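Here the structure is laid out as structure tokens; the discussion comes afterwards.
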């Protein structure tokens, strides 16, 4: 089971081992958020011609096709066949399929930076999940970190016009909650698999759910195909959106949870709006100092929340 830095039960760690784990865990979380942020501008381009449900299915299908051969090489066919496929269908179907669909709908109703900002409720949701699972004691420094993280998210959100919120915000909040739960379950419930295997098997569950959503949408007479012919630009954007922003990002995220816990790892989600903004600025958008300030405050919350006291060897 993936534990947080302040677990109720856990093995004793050496001073250097604990520091190295925290350092590598935070590095993995930063890498996860950087690669995740790259997907928002790509989705902005794709959503101009792709229906949300079609984009979800294409994203997951692209990722699964690429990642399954890599998983087979890492874990071997025997582990792949013996994996908990039934449980993966539940975790991936809800936490990947439904969550990503809600996230895409939220972005279509708002904009890339707004969706990333609304995800700032992730630390609070993840903390509640860990407390409910009994994998974290709520120390004062972590509670302060959660509070500061939310303040940073609120400061960044103040740059968003109220008209951009509404149903889009509801979808983004629902997606964030499901994602936190599924990420914790992915890191905890598949201990015999590599990080790549844990990610891929839940993506497969998400793909099954996405296929059902496409079928249901088609039966209701909704558009399930892109409005224009598939070209090289769309292929490039889909590769970024599926392989880098989803596949690689989730591998980093699950690996970070294994070292920091889902609550502390989710703090880094609140810095994602800053990364998204930087990418959008590079694409010609305007710099926003308020969002930059919010990102700085969230970065401070990550430092505050981590208990630097490490247990001595027994």
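Against the conditions (1) surrounded by fewer than 24 Cβ atoms within 10 Å (Cβ to Cβ); (2) at pLDDT 90 or above, where does residue 38 fall short? Just the number, please.
Unmet for residue 38, out of (1) surrounded by fewer than 24 Cβ atoms within 10 Å (Cβ to Cβ); (2) at pLDDT 90 or above: (2).
Look at residue 284 and say whether it is closer than 22 Å to residue 183 by Cα and at pLDDT 70 or above.
For residue 284, the condition - closer than 22 Å to residue 183 by Cα and at pLDDT 70 or above - is not met.
Helices (runs of 4 or more DSSP H) wholly in the range 199-296 with at least 1 residues that are surrounded by fewer than 19 Cβ atoms within 10 Å (Cβ to Cβ) - which ones?
Here the list reads 232-239, 272-282.
Does any residue of the range 7-19 turn out to be assigned to a loop (DSSP other than H, G, I, E, B), at pLDDT below 85, under 23 Å from residue 131 (Cα atoms) and touching a helix residue (DSSP H, G or I) at 6+ places or on another chain (Cβ under 8 Å)? Let's see the steps before the verdict.
At the first step, the residues of the range 7-19 found to be assigned to a loop (DSSP other than H, G, I, E, B) are 7-14.
If we keep only those that are at pLDDT below 85 as well, we get 7-14.
Then keep just the ones that are under 23 Å from residue 131 (Cα atoms); that gives 7-13.
Narrowing the set further to residues that are touching a helix residue (DSSP H, G or I) at 6+ places or on another chain (Cβ under 8 Å) leaves 13.
Looking for residues that are assigned to a loop (DSSP other than H, G, I, E, B), at pLDDT below 85, under 23 Å from residue 131 (Cα atoms) and touching a helix residue (DSSP H, G or I) at 6+ places or on another chain (Cβ under 8 Å), one finds at least one in the range 7-19, hence yes.
Give me the pairs: first residue in the range 205-219 and in contact (Cβ under 8 Å) with a residue 60 or more places away in the chain, second residue outside any helix (DSSP H, G or I), beta-carbon distance under 7 Å, and six or more apart or on different chains, which are they?
214/224; 217/224
Going by the structure shown, is residue 177 over 15 Å from residue 31 (Cβ atoms), without any contact (Cβ under 8 Å) to a residue 24 or more places away in the chain and not in a loop (DSSP other than H, G, I, E, B)?
Working: over 15 Å from residue 31 (Cβ atoms): yes; without any contact (Cβ under 8 Å) to a residue 24 or more places away in the chain: no; not in a loop (DSSP other than H, G, I, E, B): yes.
Taking the combined requirement at face value, the residue does not satisfy it.
Return the residue satisfying two criteria in turn: it lies in the range 180-198 and is part of a loop (DSSP other than H, G, I, E, B) and surrounded by 20 or more Cβ atoms within 10 Å (Cβ to Cβ), and of such residues it is nearest to the chain's Cα centre (by Cα).
Within the range 180-198, the match that is nearest to the chain's Cα centre (by Cα) is 190.
What is the number of the single condition among (1) under 18 Å from residue 60 (Cβ atoms); (2) touching a helix residue (DSSP H, G or I) at 6+ places or on another chain (Cβ under 7 Å) that residue 218 does not meet?
(2)
The values are calculated or read from the model by the stated rules, or taken from the named source; none is laboratory data. Worth saying up front: this structure is predicted, and the values here are computed from it rather than measured. Positions of Cβ are generated from backbone atoms using ideal geometry, with glycine treated the same way; all protein chains shown enter the neighbour counts.
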